[in-house]
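These notes concern the structure reproduced below.
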Amino acid sequence: MKSNYPILLVDDEEIILATVGRDLKNEGFDVTLCNSGMEAIKQLQEINYDVILTDLMMEGVGGLDVLKRAKEINPDIMVIVITGFGSLASAIEALRL
């Protein structure tokens, strides 16, 4: 069964992409995997996603950069930011955006 909710999963850790991506696909979601923030921004310019699930801390273009660009493209897009290295300041910034 194919979902009507395309999801963009962004993380620079292959294990996260593989496991979370597999689980989302098993639940019927149409998932695109990106291993960098830059790759995610390119995908956002080509495909209209309903949800983005992004890591906060990535080399180069981070999760907050992906969040900002996604909201510029589609203010209604839902973005979920995950991290193992969060701070109060990054959480406040993500909520503000």
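The values are calculated or read from the model by the stated rules, or taken from the named source; none is laboratory data. Small disclaimer: the values here were computed from a predicted structure and weren't measured. As a convention, Cβ positions derive from the backbone with ideal geometry for all residues, glycine included, and neighbour counts pool all protein chains shown. Each accessible area value is taken on the protein alone, full model and side chains, heavy atoms only, with ligands, DNA and RNA left out. Shrake-Rupley method; radii C 1.70, N 1.55, O 1.52, S 1.80 Å.
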Scan the stretch 44-89 residue by residue and report those that are open to solvent by 30 Å² or more (accessible area, probe 1.4 Å) and part of a helix (DSSP H, G or I). Q45, E46, L64, D65, K68, R69, K71, E72, I73, L88, A89
Among the numbered conditions (1) assigned to a loop (DSSP other than H, G, I, E, B); (2) in contact with a helix residue (DSSP H, G or I) (Cβ under 7 Å, 6 or more places away or on another chain); (3) of a type in the set (S, T, N, Q), tell me where N4 comes up short. (2)
Among the candidates I16, I92, I41, which residue alone is assigned to a helix (DSSP H, G or I) and exposed (fewer than 11 other Cβ atoms within 10 Å of the Cβ)? I92
Looking at the stretch 25-33, can you tell me whether even one residue there is at positive phi and small (G, A, S)? yes
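Got a number for residues in the stretch 29-38 being in a helix (DSSP H, G or I) and crowded, with 18+ Cβ neighbours inside 10 Å?
Matching residues across the stretch 29-38 total 1.
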Quickly run through the stretch 43-70 and pick out the residues that are among the β-branched types (V, I, T) and in contact with a helix residue (DSSP H, G or I) (Cβ under 7 Å, 6 or more places away or on another chain). I52, T54, V61, V66
Failed condition for I41, given (1) touching a residue at least 24 places away in the same chain (Cβ under 8 Å); (2) out of contact with any Lys or Arg (no Cβ under 6 Å at 6 or more places or on another chain), with all others met? (2)
